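Q: Got a structure for you, questions after.
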Amino acid sequence: MLSYLSGVTNLVKFELNIRINRQIKFFLSIDWIHKIVEKALSVSGLKSPLELSLIITSDESIRRLNKKYRGLNETTDVLSFALTEKDISETIPFIMPPDGVTHLGEIVISYPRAKIQAEQESCTIEKELALLITHGVLHLAGFDHDEPQKECEMKLLESKVLQGLK
């Protein structure tokens, strides 16, 4: 699905798989989620076609994943599981899947944690979820915040994505 987004010059064709835990009693528009992912991909510099997954789940689920994959027995707001260990632009072409689609990975978000953070920041749950989705997409695209300069670059890209979102 391709669509025009105001201020976005690099439209990226992608497939988005979304799973939302049934226990979450909140309606999320798939079109709204798609728009955020599309805008985040457009600022990342990645080329089409792409595929990624987004899971919105419970604190307990994300705590288990955080313990298993990061060794931290605690809840976090967002986890990104990239399918490539290095910068996606450096991926050697012959190891790409035969379908020609770059499989970026999976983003997992804790809805309860997002709700708490929205309350702490005095913002809407939609705004917090948009930030977490954007943050996860940028991680899958190879961006990080482990150094001050990288953190500044990532925050700038997040701001670009979130600007004008409703």
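The values are calculated or read from the model by the stated rules, or taken from the named source; none is laboratory data. Note that the structure is predicted; figures quoted are calculated from it, not measured. Quick reminder, even Gly has a Cβ in these numbers, built from the backbone with ideal geometry, and neighbours come from all protein chains shown.
Q: Go through (1) of a type outside the set (S, T, N, Q); (2) at pLDDT 90 or above; (3) under 16 Å from the mean Cα position of the chain (by Cα) and name the single condition GLY45 misses.
A: If we test GLY45 against (1) of a type outside the set (S, T, N, Q); (2) at pLDDT 90 or above; (3) under 16 Å from the mean Cα position of the chain (by Cα), just (2) comes out false.
Q: Residues that are of a type in the set (S, T, N, Q), under 16 Å from TRP32 (Cα atoms) and touching a residue at least 24 places away in the same chain (Cβ under 8 Å): does the stretch 122-143 have at least one?
A: Within the stretch 122-143, one or more residues are of a type in the set (S, T, N, Q), under 16 Å from TRP32 (Cα atoms) and touching a residue at least 24 places away in the same chain (Cβ under 8 Å).
Q: Consider ALA118 against the criteria (1) surrounded by fewer than 23 Cβ atoms within 10 Å (Cβ to Cβ); (2) in contact (Cβ under 8 Å) with a residue 12 or more places away in the chain: it satisfies all of them except one. Which criterion is unmet?
A: That leaves (2) as the condition not met.
Q: Turning to a different aspect of this structure: Do the conditions hold for SER53, that is, is it small (Gly, Ala, Ser), part of a strand (DSSP E or B) and at pLDDT 70 or above? Give the derivation first.
A: Working: small (Gly, Ala, Ser): yes; part of a strand (DSSP E or B): yes; at pLDDT 70 or above: yes.
So SER53 passes the test.
Q: Would you be able to say whether some residue in the stretch 123-131 is more than 27 Å from GLU15 (Cβ to Cβ) and either in a helix (DSSP H, G or I) or not aliphatic (A, V, I, L, M) (or both)?
A: Initial filter on the stretch 123-131 (more than 27 Å from GLU15 (Cβ to Cβ)): 123-124.
Adding the requirement that they be either in a helix (DSSP H, G or I) or not aliphatic (A, V, I, L, M) (or both) leaves 123-124.
Yes, the stretch 123-131 contains at least one residue that is more than 27 Å from GLU15 (Cβ to Cβ) and either in a helix (DSSP H, G or I) or not aliphatic (A, V, I, L, M) (or both).
Q: Same structure again: Evaluate the following for GLU158: is it more than 23 Å from ARG70 (Cβ to Cβ) and either crowded, with 19+ Cβ neighbours inside 10 Å or touching a helix residue (DSSP H, G or I) at 6+ places or on another chain (Cβ under 9 Å) (or both)?
A: Values: more than 23 Å from ARG70 (Cβ to Cβ): no; either crowded, with 19+ Cβ neighbours inside 10 Å or touching a helix residue (DSSP H, G or I) at 6+ places or on another chain (Cβ under 9 Å) (or both): yes.
So GLU158 fails the test.
Q: Give the number of residues within the stretch 68-108 that are loosely packed, with under 10 Cβ neighbours inside 10 Å and at pLDDT 95 or above.
A: Number of matching residues: 1.
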